[in-house]
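Colleague: Here it is, the structure, as structure tokens.
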Amino acid sequence: MSTPNVLPVPGPAPLVEVRASSRLVVRKVSPETIERVVAVLAPVLLLGLWEALTRSNVLDQRFFPAPSSIVDTFYHMTFKMPWDNSLAYHVLISLSRALIGFLLGAIPAIAIGAIMGLVPIVRAAVQPIVGALFPIPKVAILPLLMLVFGIGEESKWAIIAIGVFFQVLIATAAGVSNIDRIYLDVGANFKAGRIATYTTIAFPGALPMIVAGLRLGWGSSLLLLVTAEMVSSQSGVGFLIWRAWQLMTVEDMYVGLVVIACIGITSFWLIDALESRLLPWKRR
Amino acid sequence: MSTPNVLPVPGPAPLVEVRASSRLVVRKVSPETIERVVAVLAPVLLLGLWEALTRSNVLDQRFFPAPSSIVDTFYHMTFKMPWDNSLAYHVLISLSRALIGFLLGAIPAIAIGAIMGLVPIVRAAVQPIVGALFPIPKVAILPLLMLVFGIGEESKWAIIAIGVFFQVLIATAAGVSNIDRIYLDVGANFKAGRIATYTTIAFPGALPMIVAGLRLGWGSSLLLLVTAEMVSSQSGVGFLIWRAWQLMTVEDMYVGLVVIACIGITSFWLIDALESRLLPWKRR
Amino acid sequence: QTVKAPNARIPLSPPVKLRVGIIAAMFDAVSIIAAEKGYFREEGLDVEIKAFPGSGEAAQALAIGALDTLASGPNPMIFNSRSRNIDLTIVATAGQHSPGHGSISFVMRRDHVESGRYKTPADLKGMKLASGLAAPSSWFVSQLALQSGVTEKEFEIIQLGLPNVIAALGNKSIDAACINEPHATLVLKRINGVRIMSMDKFRPNFPNGYLIYGPSLTKTNREAGRRYMVAYMRALRDYRQAFIDPGARGSSEITAQLKKYNMEMWPETPMLDFPASGAPSFVAVDELIQWHLKMGNIRSVPDLKALTDDSFLQYARTQT
Amino acid sequence: MDTMTQNPVISPQMADLCSPARIPQIAARNLCKEFVSGGRRVVALQDVNVVIERGQFCCIVGPSGCGKTTFLRIVSGLETHTSGELRLTHFNQTKPLLSMVFQEQSIFPWMTVADNVEYGLRMRKVPKAERRDTVRHYLEKVGLSQFAGSFPHQLSGGMKQRVSIARAFANDPEILLMDEPFAALDEQNKAILQEELLRIWEESRKTVLFITHSIDEALVLSDRALVMTARPGTLKADIDVPLQRPRGAYEIRSSPGYAELNERMWKELREEVMHARLTKELA
Amino acid sequence: MDTMTQNPVISPQMADLCSPARIPQIAARNLCKEFVSGGRRVVALQDVNVVIERGQFCCIVGPSGCGKTTFLRIVSGLETHTSGELRLTHFNQTKPLLSMVFQEQSIFPWMTVADNVEYGLRMRKVPKAERRDTVRHYLEKVGLSQFAGSFPHQLSGGMKQRVSIARAFANDPEILLMDEPFAALDEQNKAILQEELLRIWEESRKTVLFITHSIDEALVLSDRALVMTARPGTLKADIDVPLQRPRGAYEIRSSPGYAELNERMWKELREEVMHARLTKELA
Ligand SMILES: Nc1ncnc2c1ncn2[C@@H]1O[C@H](COP(=O)(O)OP(=O)(O)OP(=O)(O)O)[C@@H](O)[C@H]1O
Ligand SMILES: Nc1ncnc2c1ncn2[C@@H]1O[C@H](COP(=O)(O)OP(=O)(O)OP(=O)(O)O)[C@@H](O)[C@H]1O
Ligand SMILES: [Mg+2]
Ligand SMILES: [Mg+2]
């Protein structure tokens, strides 16, 4: 039986809208699956673009080697090197540095940021100091860091931690001060103490923003690996990139960059997963 | 007439709480004024601390000159130099570079970030690409930037813009995806188009987070001045710092750093002022 | 001179810990060789090599006492140090541009030479060329241009960082470069550039670098300073045998050792000369200082005598 | 918007409902809605069958949590049903199809009261002058003229709700979906707005779906009262309200038939809530 | 909390109110509240004078926007008054002084229903086992046992409000401040919770301040009804409700005195709202 959707009546023709049910819309795959596929596809496409650009000589192969051409180098660096000079070793070293620096920066940042968000006077005091210290280039405080932390691992952690700190701090402070006041009122009404207000309201309420801050912070800590590992280091991906840059061994450098990029992609995925774990209460 | 607040009744003594009115609390100055004073005092105290640390030789004067000792250099660089080598000139150049780079990075970041926050599939596609590109060190893509932008001003803007872009992007995306769904529902109910949803809901709703992103972005753009002006520049505060650092003329370097810090403080104040202008609807 | 066998010497006990900074430039070669061949150990020195991204970072580290010694080019920061109460002392050579061993080269893109855009230094006018900020290479190219009547304002000196120079020349962002080895040779290889002139032709025997001690070696523990110099001079001899003296011996071993520290050399790389005496060169340094003064890179003429201490070298000469 | 104007999967029954003689404004057949979140499945609506004619004023009553809001959200297209059919007819395409007064606080905190009320008109690109007049008119109706320039955080709970009502009225849609709009209002404001709503309804032949917990309110306002069962919600009773119009909140209680209708609705509802409680306690 | 236990500025009148014979739970004298924001000044409360005895059940009615919520927020210490005096007495210090049921949506979205109800107890460091029992008890009372593990976004509007009520009940305070708690509930749920509230009140000698728009509700519940004037809000009438207890929502309407009280409150309120409207239109 075929029924015209729009039926003749006097006046302007009424428009019949049929609201589709979610079962009616033929969906072989769920939107989550599509998203996951897209998330994997996007970087692959990026890689494809780069390959195409170099193949077609838009990019100069000598300075921008095609992804396919660094596979060899990649293989060599991974499997043909003694363990303490292999790619895996450098990656592990760097990851541990990035992680330690990240934690050293992020944890105090979350604590201080939340206090800033909750207490206007603290915010008023800290904000200009952040404004003053944030834009100070790391390289300029290197002597200070070397003086305080020596030139071992500690100064590397410090370089990373400082970078991470400001990122997470600013995001957390914004997130906390953006929490709906009613929730703080509820806390006050139930006589939540400082710590409790912090852990039961400020922290979970600002969590989406804190996660964004952590995302930024982790990205920065990877970014700062090169800066950190430039100084008196013989290991780590940052060192590999730096060395390759100095020696103009472009393939080696791109292996390092691709590794950093892969770490970046993977960790952003992980942060996404973590986010949906931590925020079961978010309507999506 | 003196009245005891707690009066004798049988059972545990009742506790009488007198709620103070805001007029009863003797306040000669409003909390806003106190905050403003604290905001100015905090950096001054920081400076005092630094002075004290160097004076007491906790910090080595040779590498960390006391603030008072760079006043001379400051004066010299400001007034005793020909205009095109004076501090003011370098500051102006740098400010314009930072500002242009900032705008070039921030504007697309807000646009793309909001789309990411609104459309899960875009987010799924862009997130891993951000994860891959964000941690790539600027120094490594310098050849690419030079190829595309030459080595004039454009490549400096590009370095800054790239740094700013990711910061603002991540903050904006988080802010937009954190907007209460009910507001998007209202938009859908009133048939707000894409652009309208964007300008009337996503943007104002995420504004507190966007401002935090801009704060981060502007901080980064100042931070990146040194990186940007290291490359092929004979002007700008970043160049001054870089040159002073290379020549180990510590006072010159600290003049540069103090200038950057002052710009940082001032601009954070301005952003605060802007924020309370832009967000008259925020309960404070 | 009486030459004692090195193994007859008694090492310091307990060993003294020293930290030497390198930036993987040619002037670091001798210290690296001494470390690799164990000469320091034989002197009772426990030397740790710390790599730095550039002279700036390394010099800062030396100045604050995070390092004990390093090699550095004749940079303004050395000339500035005394006036800043930073105790750095030039104790030996770290190479010089002896004839045939020019370690800084002025390199031009081949297309400019072939098209006739560049014939003489007078043609530098309007060009963009890469060089280090306040480095001898900038002085070199400025003087070269000035001799042909082109002033600093008429061309543009751009600092890029050595590795970027190659990319910048390759994609024609810049026209020429005045850079150190081994990058200069790399440029010639990679982008088929033309070497216009090298430093040894311009100012023969101009210093390439100095070995510099911090106060820990010149004041606190001079004995360690002397021991370091003994090992340094032994390594210097090995270097000369391998690369400078006729009938090169042991060059492949040293090349391999240097490669560990990211210093790559090609057969065509002009090798830096370390004079056998180990004495630092001050040829044309006064000229360089005048230029720096003019450029505002240093504020007063440094007292080179006060900066130098050759007692370590003299001791070493008696021991080897 | 998950709407389609052409859809082949229309059952014969559905087609029947759309016979030229009477095109209903809203027609639902076996409408089901199941929420799946965090591993829990909640069936909010189960086989809702209802046909609402153009111009009808329809109240929906039912125990808390039975799916009233969910039904309105599905009708408005903000939620998709999981099975069944739903058909809306847009008769006069110069007007927007529907506007909703949300149960939750839904006015934009970043817009002034006036901008909030103007929102629908702005989205429809109504000329500025006309917009201003409409806004002024409705602000007056809800008694907030003085607060046109205020931001929502400066308003009381009832005032916010009134802004939300003004926003929906100002948009002048064909279908008004109202989710407990007057719950936060005092009796007097409620009476004034009920009157205004009835006036608007009568003047412009709107179809109104109105959720309320007050049987009085349902009887004062509606042509027809739909009583929903406890979760999973479905229609339990479809009660005609043939009381004469115009009605007033005070007079109606004494009008013939009121007591009987009131009694009947109470009965229907009481059963439901008791049932809802019971199954819960047993579960 | 802007509270002080010692304050020299107590007027003789205030001291009088605190005579040993009857220490009031809440005493306000010339309480004023003025909001200044964005250049606008709104006087929300003007010279509110009221003394509330321990154990009294006090309803507050008044037109929308008259300052009822503001008064409760000042009593709870969330807002400070701009002038006048306010004195609270904490009789039994083993219990918390006060808990509030907010008018707005106020349950934490990041906690499950059970965690929300538990909140006050957790803040008071009540032992875990006791907490669990209390939570279970009150969840049952508000009919949400099944939803203990759900997050607020999975609840309907009325269900959220019930969580908020359970949270305040579970905290067992000396003073209960309730801001239109039952507005979003259907009649049956409302009746059940009214009963529960009365039971709790009778058992534990609580002082209750209860804002409502329903005169019926005020008469069913309270000892005393305070009628507020339109903004700036002040007390217009202080009506004793001497109806016998226990009361039921159905029986009360036929009890002696009800009609009269109802009439009186209607009158008081109507005047106020009309006045509020009028001044607004004129302004
Ligand atoms: N997003 C959601 N996820 C899971 N369950 C939901 C969601 N939204 C609603 N529900 C469930 O659907 C049922 C119906 O909810 P709905 O909001 O439609 O109730 P209602 O009839 O409007 O109730 P009230 O009168 O209390 O507002 C409730 O049991 C609720 O728990
Ligand atoms: N933060 C604020 N800033 C400015 N004005 C405010 C603020 N809060 C409340 N007001 C004003 O104070 C008055 C009283 O508000 P309140 O919320 O106490 O009203 P209410 O009696 O609870 O009304 P309702 O019954 O609508 O909830 C209102 O006119 C409101 O506009
Ligand atoms: Mg509802
Ligand atoms: Mg209120």
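Colleague: If we hang a label 7 Å off Cα along the beta carbon direction at E:Glu53, how far is it from the matching labels on the other copies, in nm, shortest first?
Modeller: Counterpart label points of E:Glu53 in the remaining copies fall at 5.9 nm.
Colleague: Here's a follow-up. What value, in deg cm²/dmol to 500, does the helix sum -39500 (n - 2.57) over DSSP H runs of n ≥ 4 give at 222 nm once divided by the residues of chain B?
Modeller: -24000 deg cm²/dmol
Colleague: Restricting things to alpha carbons, tell me how big region A:43-157 is in terms of Rg and Dmax, in Å.
Modeller: Answer for region A:43-157, Rg first and Dmax second: 21.5, 59 Å.
Colleague: If you don't mind, there's one more thing I want to ask. Run the simple label-point estimate for B:Ser235 and B:Leu15 please: 7 Å along Cα→C-beta, distance reported in nm.
Modeller: Taking the two extended label points, one gets 6.8 nm.
Colleague: If you don't mind, another one. Can you tell me the mean projection area, over all orientations, of the convex hull of region D:75-192's alpha carbons? Units nm², please.
Modeller: The Cα convex hull of region D:75-192, projected and averaged over all directions, gives 8.3 nm².
Colleague: Could you list the residues of region A:225-247 with an amide nitrogen less than 11 Å from a label point located 7 Å from the Cα of A:Lys80 in the Cα-to-C-beta direction?
Modeller: Those under the cut-off are none; the list is empty.
Colleague: Three principal axis extents, largest first, for the C-alpha atoms of region C:14-142, in Å?
Modeller: Extents along the principal axes: 65, 35, 24 Å.
Colleague: Under 5 Å between amide H atoms, partner at least 5 residues away or on a different chain: which partners does C:Ile23 have, H built in plane at 1.01 Å?
Modeller: Long-range HN contacts for C:Ile23: C:Phe52.
Colleague: Report the antiparallel proportion of the DSSP beta bridges in region C:99-235 as a percent, rounded to a multiple of 5.
Modeller: 60 percent
Colleague: Now for a separate question. Could you list, bin by bin from short to long, the percent of Cα-Cα pairs of region E:189-267 in 5 Å steps?
Modeller: Histogramming region E:189-267 at 5 Å steps yields 3, 14, 26, 26, 18, 10, 4, 0 percent.
Colleague: Further question: Could I have the simple spin-label model distance between D:Ser255 and C:Glu287, label points 7 Å from Cα toward Cβ, reported in nm to one decimal?
Modeller: So the label points at D:Ser255 and C:Glu287 sit 11.1 nm apart.
Colleague: Peptide C:15-26: average number of partner chain Cβ atoms within 10 Å per residue?
Modeller: Taking the mean over all residues of the peptide, I get 1.
Colleague: Using the alpha-carbon centroid of each, what span in Å lies between region C:33-54 and region B:77-127?
Modeller: 45 Å
Colleague: Rounded, prolate or oblate for region D:40-124? Axes are the square roots of the Cα gyration tensor eigenvalues, ordered a ≥ b ≥ c, and the cut-off for rounded is a/c under 1.5.
Modeller: oblate
Colleague: On to the next question. In nm, to one decimal, how far is the modelled label at A:Ala111 from the one at E:Thr94, with both set 7 Å along Cα→Cβ?
Modeller: So the two model labels end up 3.8 nm from each other.
Colleague: Taking square-rooted eigenvalues a ≥ b ≥ c of the alpha carbon gyration tensor, is chain C rounded, prolate or oblate, where a/c under 1.5 means rounded and, failing that, a/b exceeding b/c means prolate?
Modeller: Taking the square roots of the gyration eigenvalues as a ≥ b ≥ c, chain C is prolate.
Colleague: Ignoring solvent entirely, what values of log10 I(q)/I(0) come out of the Debye formula for the protein assembly as shown at 0.05 Å⁻¹ when each Cα is a single scatterer?
Modeller: Once normalised to I(0) and log-transformed, intensities are -0.52.
Colleague: OK, next. Along the Cα-to-C-beta direction of E:Arg41, a point sits 7 Å from the Cα; which residues of region E:52-86 have their amide N less than 19 Å from that point?
Modeller: In region E:52-86, the label zone of E:Arg41 (backbone N under 19 Å from the point 7 Å along Cα→Cβ) covers E:67, E:80-85.
Colleague: Take each complete run of DSSP H in chain A, measure how far its Cα atoms stretch along the helix's own axis, and keep only those covering 24 Å or more with mean Kyte-Doolittle hydropathy at least 1.6; list them.
Modeller: Both cut-offs are met by A:87-118.
Colleague: Sorted by mean Cβ packing within 10 Å, highest first, what order do the peptides C:137-145, A:259-267, C:264-272, D:156-164 take?
Modeller: Ranking, from highest mean packing down: D:156-164, C:137-145, A:259-267, C:264-272.
Colleague: Around D:Gly233, which amide H atoms from residues at least 5 apart in sequence, or from another chain, sit under 5 Å from its own amide H, with H modelled in the peptide plane?
Modeller: Those qualifying (amide H under 5 Å, at least 5 residues apart or on another chain) are D:Leu45, D:Gln46.
Colleague: Give me the log10 of I(q) over I(0) for chain D at q = 0.07, 0.12, 0.13 Å⁻¹, as the Debye formula computes it from C-alpha points; what are the numbers?
Modeller: -0.27, -0.81, -0.95
Colleague: Let's test the formula: R0 of 30 Å, r as the Cβ-Cβ distance of D:Ala129 and B:Leu274. What FRET efficiency results, to the nearest 0.05?
Modeller: FRET efficiency, D:Ala129 to B:Leu274: 0.40.
Colleague: Residues of E:157-164, mean number of Cβ from any other protein chain within 10 Å of their own Cβ, rounded to a whole number?
Modeller: 4
Colleague: Given label points at 7 Å from Cα along Cα→Cβ, what nm distances, shortest first, separate D:Asp240 from the same residue in every other copy?
Modeller: When each copy's label point is compared with this one, the spacings are 5.2 nm.
Colleague: Still on this structure, I have one more. At q = 0.16, 0.23, 0.25, 0.29 Å⁻¹, what log₁₀ I(q)/I(0) does region B:119-180 have when each alpha carbon counts as one equal point scatterer in the Debye sum?
Modeller: Values, matching the q order: -0.61, -0.95, -1.03, -1.20.
Colleague: Which value, in Å to one decimal place, does the Kirkwood hydrodynamic radius take for region B:186-284 when every pair of different Cα atoms is included?
Modeller: 16.2 Å
Colleague: When chain A is treated as a GNM, springs tying every alpha-carbon pair under 10 Å, which of A:Glu17, A:Glu32, A:Glu153 comes out with the largest mean-square fluctuation?
Modeller: Looking only at A:Glu17, A:Glu32, A:Glu153, the largest GNM fluctuation is found for A:Glu17.
Colleague: Using a Gaussian network model of chain A with C-alpha springs under 10 Å, which one of A:Leu222, A:Leu240, A:Leu92 is most mobile by mean-square fluctuation?
Modeller: A:Leu92
Colleague: List, shortest first and in nm to one decimal, how far the label point of D:Arg132 (7 Å from Cα along Cα→Cβ) is from its counterparts in the other copies.
Modeller: With the label placed 7 Å along Cα→Cβ, D:Arg132 yields 6.6 nm.
Colleague: For a Förster distance of 22 Å, can you work out the FRET efficiency between the beta-carbons of E:Arg245 and E:Ser204, rounded to the nearest 0.05?
Modeller: Here the calculated transfer efficiency is 0.90.
Colleague: If you find the alpha carbon centre of region D:153-213 and of region A:42-74, how far apart are they in angstrom?
Modeller: 62 Å
Colleague: Same structure again: Regarding chain A, what are the three Cα extents along the principal axes, ordered largest first, in Å?
Modeller: Largest first, chain A extends 84, 62, 31 Å along its Cα principal axes.
Colleague: Across the residues of B:172-178, average count of Cβ atoms on other protein chains within 10 Å?
Modeller: 5
Colleague: Principal axis lengths of region A:173-239 from Cα atoms, whole Å, largest first?
Modeller: Taking max minus min along each principal axis of the Cα atoms, region A:173-239 gives 57, 18, 12 Å.
Colleague: Less than 18 Å apart at the alpha-carbon level, and either on another chain or at least 8 residues along: which lysines does that give for D:Lys33?
Modeller: Excluding near neighbours in sequence, the set is D:Lys68, D:Lys236.
Colleague: Cα-Cα pairs above 20 Å in region C:76-147: how many percent?
Modeller: Tail fraction, whole percent: 50.
Colleague: For chain E, with a Gaussian network of springs between Cα atoms less than 10 Å apart, report the residue from E:Arg231, E:Arg73, E:Arg245 with the top mean-square fluctuation.
Modeller: E:Arg245
Here, each number is a calculation from the coordinates, and none is a lab measurement. What you are looking at is a predicted structure, and each value in this text was computed from that prediction instead of being measured. Backbone-built Cβ (ideal geometry, glycine too); neighbour counts: all protein chains shown.
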